[in-house]
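One structure below.
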Amino acid sequence: MFGLRSRRSAAVGAPPERSLRDVLARLHLAGTARAVLVHVEHLLIRCSGLPLVGRRAGALLTAVQQHVRPVFGRDELLRVCSSLDEAGVPYFVGGGWGLDLLAGCETRRHADLDVCLEDFERDRPAVDRLLQRLGYHAVPAFQGGVWFPDVAVLEDGDGHRVEVVSVNWRVLDAAGELFAPPAGAALGPQTSVAEGRSPSVDPCTAVGSMAGRTLPTFSAPAQRLFHLGYEHQEHRPEDVLARDVLAALTAGRDTPIVAPDRTGGRSVEPPFVPSTLLLVPIFSIPSGLWRLCKQFGNDLDAVPPHVTLAYPFLPADRVGATVIDELGEIFGHREPFDFEMATVGSFGDEVVYLEPSRSEVFGELVATLQRTFPGFHPYDGAFDSVVPHVTLSAHGTATARERRALAKLSRTYLPCAARATHVWLMSNKRRPDDWSIERIFALGSGGGR
């Protein structure tokens, strides 16, 4: 996924640019080089829309994007974790990827992978050797914090970054003692703790899943605890998303999406009725196309590429336990399915989009939603039929000339394979243009979230 390049040794048979990247990485200049390339990429994207130089700029853009740092994609996550599993190292996936393992699907793109070792002092040398065999090397690390005091950072020649950290089990054990039952109190069944192992390990850890694989991660309560350390960065998009995902994962069936109005309806602001939508997220879009869309006004980091199933769906205050259960039944009995995006389409001069194959399956889901929820009318009935599509750029986010350039450039990234595995229920309860994840439904789960 994400257009990751094949890995070849820099020593024998490696292309010159790969050897140069390895040298820059070891000199700790790779970050600077990539930053310069990103600016060059932005300039070429803009030039690609110009009549006389567009073709040449497009060719240069393709070459430059081969060297821009990729995201840390799902394939690399599974590759690293498979090696850790084979070595028998006790570890847990932390950070953003750890949260996605709890969700069972990707919720955003990731810049790195956090590997938390149960015993950092004992296992770090083995992990360093293992990652070195995968093409990683050590780079200067940063100072740890209260929860993760020790940090080792490794990168490879392709710009992937792994942060190996310790967990401060002593602080967690001490916090746990504050809530321990008083001496002599009747206790339920006790879980034995191996000698030398922190009693906090089990309540802080869980098993997540990704692409059919089960992987160790932190539990939802532990994730919430560890994210408290980022309150000073509460406006970072990734931290806002993390809180939304945690809330979605821990919400009960009776948890309302919109809190009851306790003001008696006396708000001085104009009335705003939060709505909801349903979409199938797609994270197999190549990184270059992802960045291309952002340059033409479509920030896919805010809402990822997707096929819309219902927009607008129902007012947020009408989505309660019954609706959640019905959605769980609909999506739980639809198996995951593969599809492909091979064609660029447009709705007049307004929208540029990718056409997904298996459009009949998306159409069946939309039809089922219409039958189940009579109050739902796709796009408020503005169109005679619903065409499944993955929007690249829409009217208002780019000029007509820019959209034509986007359509032309995006074809170089196709075909793109994808797999529908989950459906997100989202709401704009905070602001009309700010959509947050409320529930995550797994296709083929048999019913329920």
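The values are calculated or read from the model by the stated rules, or taken from the named source; none is laboratory data. Here the structure is a predicted model, which means the values were calculated and not measured. Cβ: placed from backbone, ideal geometry, glycine included. Neighbour counts: every protein chain shown.
Among the residues of the stretch 106-131, which ones are among the basic types (K, R) and crowded, with 16+ Cβ neighbours inside 10 Å?
R108, R109, R124
Consider the stretch 292-346. How many of its residues are of a type in the set (S, T, N, Q), surrounded by fewer than 15 Cβ atoms within 10 Å (Cβ to Cβ) and touching a helix residue (DSSP H, G or I) at 6+ places or on another chain (Cβ under 9 Å)?
Adding up the residues that qualify gives 1.
Any idea which residue in the stretch 90-122 is nearest to T421 (Cα to Cα), counting only those that are touching a helix residue (DSSP H, G or I) at 6+ places or on another chain (Cβ under 6 Å) and of a type in the set (D, E)?
E106
Under the condition of being β-branched (V, I, T) and in contact with a Phe, Trp or Tyr (Cβ under 8 Å, 6 or more places away or on another chain), which residue from the stretch 165-212 is modelled with the lowest pLDDT?
Here the answer is V171.
Mind checking which residues of the stretch 131-146 are among the aliphatic types (A, V, I, L, M) and touching a strand residue (DSSP E or B) at 6+ places or on another chain (Cβ under 9 Å)?
Start the filter on the stretch 131-146 by keeping residues that are among the aliphatic types (A, V, I, L, M), which leaves 131, 134, 138-139, 141, 146.
Passing the criteria: L131, L134, A138, V139, A141.
Considering only residues of the stretch 394-443 that are touching a Cys at 6+ places or on another chain (Cβ under 8 Å) and of a type in the set (V, I, T), which is nearest to G328 (Cα to Cα)?
This residue is I440.
Please verify whether P388 is over 26 Å from D317 (Cα atoms) and assigned to a loop (DSSP other than H, G, I, E, B), treating the condition exactly as stated.
Details: over 26 Å from D317 (Cα atoms): yes; assigned to a loop (DSSP other than H, G, I, E, B): yes.
Spelling it out, P388 is indeed over 26 Å from D317 (Cα atoms) and assigned to a loop (DSSP other than H, G, I, E, B).
Which residue is surrounded by the most Cβ atoms within 10 Å (Cβ to Cβ), if the candidates are limited to the stretch 208-218 and must be in contact (Cβ under 8 Å) with a residue 40 or more places away in the chain and either in contact with a Leu (Cβ under 7 Å, 6 or more places away or on another chain) or outside any strand (DSSP E or B) (or both)?
By that ranking, first place goes to T217.
Do you know which residues across the stretch 362-385 are free of Cβ contacts under 8 Å to residues at least 60 places away in the same chain, in a helix (DSSP H, G or I) and charged (D, E, K, R)?
Once the filter is applied, which keeps residues that are free of Cβ contacts under 8 Å to residues at least 60 places away in the same chain, in a helix (DSSP H, G or I) and charged (D, E, K, R), the stretch 362-385 yields E364, R371.
Any chance the stretch 135-153 includes a residue that's surrounded by 16 or more Cβ atoms within 10 Å (Cβ to Cβ), of a type in the set (G, A, S), modelled with pLDDT under 95 and under 30 Å from R291 (Cα atoms)?
no
Kindly evaluate V351 against the criterion of being modelled with pLDDT of 90 or more and within 13 Å of N298 (Cβ to Cβ).
Taking the combined requirement at face value, the residue satisfies it.
Among the residues of the stretch 213-250, what is the count of those that are among the small types (G, A, S), under 14 Å from G94 (Cβ atoms) and modelled with pLDDT of 90 or more?
Number satisfying all stated conditions: 4.
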